[in-house]
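The values are calculated or read from the model by the stated rules, or taken from the named source; none is laboratory data. All values reported here derive from a predicted model rather than from experimental measurement. No Cβ is skipped: glycine too gets one built from the backbone with ideal geometry, and neighbour counts run over all protein chains shown.
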């Protein structure tokens, strides 16, 4: 079962140790990069972000570290059809809005009563460990023109 109340980064070393793993500099830097900007980056984007701090890191190491963080319930994978996997550090119950015109992904807070209603429609004798809701669309806001 995934933790649903995490907002701030947890003690990475403790969580990894609880899973029988040790903390590494690579895991620490990647975990921090995911929490500094909560914009749902791909592995390639994470790789570009951490290269200044870890110039010798390989893309394979980034993928391996991300997989470890997912397995330890420290981040979640976000998948959209025919697109690269993205990574989300927000472990609170929330939905995603995928803006198809900008390829950006926003977190949408889900009120507890809405989650309860969604879970209530499950068939008898079934329970959801977590809920994933994704909206796909485009922003209706006018683009900024840069003039005053």
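Of all positions in segment 124-131, none carries a residue that is assigned to a helix (DSSP H, G or I) and loosely packed, with under 10 Cβ neighbours inside 10 Å. Starting from residues that are touching a helix residue (DSSP H, G or I) at 6+ places or on another chain (Cβ under 9 Å) and in a loop (DSSP other than H, G, I, E, B), keep the ones in segment 87-97 and report whichever is surrounded by the fewest Cβ atoms within 10 Å (Cβ to Cβ). Restricting to residues being touching a helix residue (DSSP H, G or I) at 6+ places or on another chain (Cβ under 9 Å) and in a loop (DSSP other than H, G, I, E, B), the top hit is 93. The single condition among (1) in a strand (DSSP E or B); (2) touching a residue at least 40 places away in the same chain (Cβ under 8 Å) that residue 68 does not meet is (1).
Of all residues in segment 26-38, how many are loosely packed, with under 15 Cβ neighbours inside 10 Å and either in contact with a strand residue (DSSP E or B) (Cβ under 8 Å, 6 or more places away or on another chain) or in contact (Cβ under 8 Å) with a residue 60 or more places away in the chain (or both)? Final tally of qualifying residues: 1. Could we say that residue 61 is surrounded by 13 or more Cβ atoms within 10 Å (Cβ to Cβ), outside any loop (DSSP other than H, G, I, E, B) and either assigned by the TED database to the domain that holds residue 135 or within 15 Å of the chain's Cα centre (by Cα) (or both) here? Taking the combined requirement at face value, the residue does not satisfy it.
Could you go through segment 1-23 and let me know if any residue there is at pLDDT 95 or above and part of a loop (DSSP other than H, G, I, E, B). For segment 1-23, residues at pLDDT 95 or above and part of a loop (DSSP other than H, G, I, E, B): absent. On inspection, residue 53 fails the criterion of being over 23 Å from residue 137 (Cβ atoms), part of a helix (DSSP H, G or I) and in contact (Cβ under 8 Å) with a residue 12 or more places away in the chain.
Could you list, in sequence order, the residues of segment 98-111 that are touching a residue at least 40 places away in the same chain (Cβ under 8 Å) and crowded, with 18+ Cβ neighbours inside 10 Å?
Within segment 98-111, 105 is the sole residue that qualifies.
Residues considered: 11, 79, 23. Of these, the only one that is touching a strand residue (DSSP E or B) at 6+ places or on another chain (Cβ under 9 Å), without any contact (Cβ under 8 Å) to a residue 12 or more places away in the chain and surrounded by fewer than 16 Cβ atoms within 10 Å (Cβ to Cβ) is 79. The residues on offer are 84, 55, and the sole one that is surrounded by fewer than 19 Cβ atoms within 10 Å (Cβ to Cβ), touching a helix residue (DSSP H, G or I) at 6+ places or on another chain (Cβ under 8 Å) and more than 22 Å from residue 13 (Cβ to Cβ) is 84.
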